[in-house]
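The block underneath contains the structure these notes are about, expressed in structure tokens.
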Amino acid sequence: MFNLPADLVPHALTLAGLLIALAACGLVRLFDCRAWRKGTVLFFGLFFGIMVPVLGWWEVTRDQPLILSGGDAVPRFAVHVFLLAVMPLVARIDFEHYTIPDALMIPATVTAVALMTLFPGAAMPDYDIDPSSGIIFPRVMTAFPSVLKDSTRMMICFGAVFFWVFALLDRRWYPRLGLKRCAALFCRRIRQSFLTWILLVLALLAALLVWGLYRTPAETHEAQKVALLSALTGMTASMILIWGVRLIGGAVLGREAMGFGDVVLMGFLGAVFGWQGGLVLFFLAPLAGVVFGLIRMAGRWPREIPYGPFLSLAALAVIFGWEAILPRIHDFLIGPLVAAILMAMGVLMALLLWVIQIVKRCFR
């Protein structure tokens with residue numbers, strides 16, 4: 001690993017963890033000065049000083065099962081270290097302010113997509129099974145590998161980029177002002193927002209890079225083409241999942257059920273883990289959230305629960321538990337009924353929230 005003697009690898013990982021901790025403390029101080037005075041240095045020092053060596057052992061130096069040997073361990077470790085550097089920041093800020101700043105998530109998402117494209121082997125591992133012999137062939141997890149034409153894949157990437165930009169724009173709409181005044185206010189706010197111009201520049205650069213990559217000959221940079229498509233598909237699909245929960249919950253409860261920062265955060269995680277990993281996160285995060293929510297409701301704490309920390313915990317569970325999770329969900333992830341099952345779950349969630357609202361009114 002990194003051309004270091006084996007006995008120096010743990011020390012190098014510990015040093016890397018401490019350096020990341022110092023960088024994370026600087027970012028927390030930038031976004032949240034109050035948290036800096038509340039033991040942040042100790043928290044991040046312990047977290048990264050422990051987690052980076054553990055992650056290095058788990059993904060690089062230990063003897064891995066055949067399934068996990070798909071891809072390249074060192075790039076995957078580097079991408080997951082970057083993920084570890086972002087998630088505690090998100091959790092700390094979300095716990096303190098109930099918000100996830102775009103100033104943190106926009107560069108993090110752009111970096112994640114770039115890393116996953118440059119290092120295709122960093123994607124989560126998957127496997128194929130030869131039906132005649134039963135032999136397992138490990139590979140990286142991808143979306144639509146070598147099935148679609150380059151032109152089709154390029155259009156999907158364009159759509160994902162502009163969907164992400166649309167999601168981050170200030171889309172507030174006030175119909176009570178009347179259509180004409182509302183549209184004028186909307187256009188003026190979009191035009192005057194500095195974020196709008198940043199997003200447009202990023203979208204233009206991304207479109208040029210996508211066009212340049214997919215305009216190369218069909219077999220050239222095939223791994224990067226598949227990796228870019230997988231990252232952008234994972235980002236978009238993961239955002240749609242959480243956005244759907246936000247819309248359904250808001251419609252049934254009559255108030256905001258989930259902050260939009262969670263949607264953007266889920267897009268970042270989907271870019272790293274792909275749509276398959278994003279689907280696993282979608283089911284894992286509520287488990288920790290429900291337990292914490294019940295404990296919090298039993299006390300006198302505020303009823304609002306930040307969701308970012310639980311997505312962060314779910315991301316750790318995916319990294320360290322993928323070896324156990326993948327064999328149990330593999331057939332489901334490649335099955336044709338995924339979309340239908342998710343739609344049915346959305347309907348069931350809406351019915352459950354509706355029943356909960358009725359019960360609450362009965363006991364008021």
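The values are calculated or read from the model by the stated rules, or taken from the named source; none is laboratory data. Model, not experiment: these values are computed from the prediction. Note that we place each Cβ from the backbone using ideal geometry, even for glycine, and neighbour counts take in every protein chain shown. We work out accessible area using only protein heavy atoms, side chains counted, and drop any ligands, DNA or RNA first. Shrake-Rupley method; radii C 1.70, N 1.55, O 1.52, S 1.80 Å.
Miscellaneous remarks
- Residues in the stretch 93-123 that are open to solvent by 50 Å² or more (accessible area, probe 1.4 Å), at pLDDT below 85 and assigned to a helix (DSSP H, G or I): 2 in all.
- Test for LEU228: is it at pLDDT 90 or above and within 19 Å of ARG153 (Cβ to Cβ): yes
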